[in-house]
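The values are calculated or read from the model by the stated rules, or taken from the named source; none is laboratory data. Fair warning: this is a prediction, and the values are worked out from it, not measured in the lab. Ideal geometry is used to build each Cβ from the backbone, glycine not excepted, and the neighbour counts take in all protein chains shown. In case anyone asks, the SASA skips ligands and DNA or RNA and just uses the protein heavy atoms, side chains included. Shrake-Rupley method; radii C 1.70, N 1.55, O 1.52, S 1.80 Å.
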Amino acid sequence: DAKTTQPNSMESNEEEPVHLPCNHSTISGTDYIHWYRQLPSQGPEYVIHGLTSNVNNRMASLAIAEDRKSSTLILHRATLRDAAVYYCILRDKGTYKYIFGTGTRLKVLA
Amino acid sequence: GAVVSQHPSRVICKSGTSVKIECRSLDFQATTMFWYRQFPKKSLMLMATSNEGSKATYEQGVEKDKFLINHASLTLSTLTVTSAHPEDSSFYICSAFTRDTQYFGPGTRLTVL
């Protein structure tokens, strides 16, 4: 199963952009890159996903490196409600399985 | 859209009893659902893949006779923890797969006394 590597924690000031990095050097050509976030005692919440091209939605943007060995989740203006653990996951195309890494705990400072 | 519910949200039981947790996809059908467990301050660990109308596929190290999974319809999967012991206490989370993505339920906190 493909693995991802993320920093354990990051801090950001409120209303500033946040760039959360993820390395996935063993990604295969058919693996999708998914991002979720999780608040304490809640299930993970879907944020965004992509395959090769950069993606935007109302929550965030996903920038995928040209060689696909890394990606960055971009929160354009962090709010206190964005404080969570963010997981970068590679989805196996055949089984749809996710293997969760340790994630990045984002702290947003008021 | 893509809402997944779990019931109960929390349960406390005595050691040796069995507990059933339900996972429902409310506004879509899901051929494939997943079950995870999560210990405090840890990441989610995949336990098994639940496929409608067929046997579940368990991850290595997960006892299939202890964690019984039934996926009897396209909107419901159940996880039964049989003969629960204190070490089974954990946060159990299900997900349902649709539109290229897994959508997660809110989780069930199981405490075994």
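Descriptive notes on the structure:
- Among the residues making up the stretch A:86-110, a single one is within 12 Å of chain B (Cβ to nearest Cβ), open to solvent by 20 Å² or more (accessible area, probe 1.4 Å) and assigned to a strand (DSSP E or B): A:ARG105.
- Residues within the stretch A:44-62 that are assigned to a loop (DSSP other than H, G, I, E, B) and open to solvent by less than 40 Å² (accessible area, probe 1.4 Å), tallied: 2
- Residue match in the stretch B:84-96 (condition: part of a loop (DSSP other than H, G, I, E, B), more than 14 Å from the chain's Cα centre (by Cα) and within 13 Å of chain A (Cβ to nearest Cβ)): no
- Residue check for A:ALA65: over 11 Å from the mean Cα position of the chain (by Cα) and open to solvent by less than 80 Å² (accessible area, probe 1.4 Å): yes
- Residue check, B:ALA72 farther than 19 Å from A:THR95 by Cα and buried (at least 20 other Cβ atoms within 10 Å of the Cβ): no
- Pairs meeting the criteria (first residue in the stretch A:28-48 and more than 10 Å from every other protein chain (Cβ to nearest Cβ), second residue surrounded by 22 or more Cβ atoms within 10 Å (Cβ to Cβ) and not in a strand (DSSP E or B), beta carbons under 8 Å, at least 6 apart or on different chains) are A:ASP31/A:HIS24; A:ILE33/A:HIS24; A:ARG37/A:PRO44.
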